[in-house]
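Here the structure is laid out as structure tokens; the discussion comes afterwards.
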Amino acid sequence: MAASTASRLSPPCLHAAPHHPLRRSRFSPLRAAKLEAVLSIGTHVIPHPRKVETGGEDAFFVGGDGGGVFAIADGVSGWAEKNVNPALFSRELMANSSTFIKDEEVSQDPQILLMKAHAATSSIGSATVIVAMLEKTGTLKIASVGDCGLKVIRKGQVMFSTCPQEHYFDCPYQLSSEAIGQTSQDALVCTVNLMEGDMIVSGSDGFFDNIFDQEILGVINESLGTDEAAKALAELARKHSVDVTFDSPYSMEARSRGFDVPWWKKLLGAKLVGGKMDDITVIVAQVKTVVIPDDEGSGVELEKVGGEQLAAAGVASTEQNE
């Protein structure tokens, strides 16, 4: 469903920020230039309250390849019951993804990246995962297995969301060390054509289980940058996750699947509510355009009038939380 939604979105449309006219000059030569899309990225992680000392079981990576790339893996906590550290699989999967991003066979294909990273992961365990890559043309490529999510916000509205994959409630698809798990071939794969100024919000299920779209939009609207937004979103989700009176997206979904308080409590007007305590990982990215000199251009000399400077950076800017 996500793929069909993406196909209805507008084609790539990257705009430079308003600036003064350009004119020919023999004094300040600039070669003909082209626009490229890049991501400015902020991240924030808050471990489960009982897993603070170990850092939790989520893992992620951010890179500047192409227009920018990021990924999140959420280690499946059930492995702890078998005396396996669930964090080992997710961390190794992300480390391998970071390594293979430069592999020629990957070639800006997130599904191939998942395949190679999964095949190289030797740790016991499993994880849900999402990978997003921005091409310099403005096309965002996404591959996800399970319930890590991603939303695209344009002009104050959510205009695209990935859909979670699950076997049944609270049992998502997952890449695993075991043969019974899913593979990259089971990934939800979609593309979205982005515009300058679009915001991308991605996170583990611990984030999306505890926050509503309207809250995400409010925080994005009030934040000054991607790092600030990622931190504020993670902290709000964390606040909701420990609130036993908060009617969270998770509790609402549980009730819709038939999970609720005993019948006699229903007679008293009670219902299943509360947040879901979990590791919370949030990545916020903003699409920006930079001007890249075209070495193969016509050689037309241009001068910027009024002193405004053209952007010169050609890689994604990453804002990491301390």
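The values are calculated or read from the model by the stated rules, or taken from the named source; none is laboratory data. It should be emphasised that the depicted structure is a prediction, and the values quoted were computed from it without experimental measurement. Here Cβ is always computed from backbone atoms with ideal geometry, including for glycine, and neighbour counts include all displayed protein chains. Just so you know, the surface numbers come from the protein's heavy atoms only, side chains and all, with ligands and any DNA or RNA stripped out. Shrake-Rupley method; radii C 1.70, N 1.55, O 1.52, S 1.80 Å.
Based on the alpha-carbon gyration tensor of the range 43-187 and its eigenvalue square roots a ≥ b ≥ c, which shape applies: rounded if a/c is under 1.5, prolate if not and a/b is larger than b/c, or oblate?
Prolate.
Quick one: length gained pulling LYS34 to LYS82 fully straight, 0.36 nm per residue minus the C-alpha distance?
The span from LYS34 to LYS82 would gain 11.8 nm if fully extended.
Return the long-range amide H neighbours of ASP58 (sequence gap of 5 or more, or a different chain), with a cut-off of under 5 Å between placed amide H atoms.
The list, which skips near neighbours in sequence, is GLY75.
At a 10 angstrom cut-off on C-beta neighbours, averaged per residue, how do the peptides 51-59, 68-76 rank from highest to lowest?
68-76, 51-59
Taking amide hydrogens as modeled 1.01 Å from N in the peptide plane, which residues meet the under 5 Å criterion relative to GLU166, leaving out close sequence neighbours?
TYR173
With an 8 Å Cα cut-off and a minimum separation of 6 or more residues, compute the relative contact order for the range 129-185 in percent.
25 percent
Work out how far the C-alpha atoms of the range 129-183 reach from end to end along every principal axis, then list the three figures in whole Å, largest first.
Principal-axis extents of the Cα atoms in the range 129-183, largest first: 41, 26, 9 Å.
What does the accessible area per residue of the range 211-252 come to in Å², with a 1.4 Å probe and no ligands, DNA or RNA counted?
51 Å²
Counting other C-beta atoms within 10 Å, and keeping those with at most 13, which DSSP coil chymotrypsin sites (Phe, Trp or Tyr not before Pro) do you find in the range 171-262?
PHE259
What number comes out for accessible area per residue over the range 69-120 if the probe is 1.4 Å? Units Å², please.
Here the residues of the range 69-120 average 47 Å² of exposed surface.
Can you list the equivalent-ellipsoid semi-axes of the range 174-262, largest first and in whole Å, using the square root of 5 times each Cα gyration tensor eigenvalue?
26, 24, 12
Could you give me the ³J(HN,Hα) list for the range 184-191, computed from phi with Karplus coefficients 6.51, -1.76, 1.60 and θ = phi - 60°, whole Hz, x at Gly and Pro?
So the Karplus estimates, Gly and Pro as x, are 4, 5, 8, 5, 7, 10, 8, 10 Hz.
On the protein heavy atoms, probe 1.4 angstrom, tell me the percent of accessible surface of the range 62-130 carried by carbon and sulfur.
Carbon and sulfur together cover 49 percent of it.
Between PHE246 and residues 5 or more places away or on another chain, which pairs have amide H atoms under 5 Å apart, with H built 1.01 Å from N, and which residues are they?
Correct list: GLY274, GLY275.
How long is the gain from THR99 to LYS271 if the chain were fully straight, where each residue apart is worth 0.36 nm and the alpha carbon distance is subtracted?
That works out to 57.2 nm of additional length.
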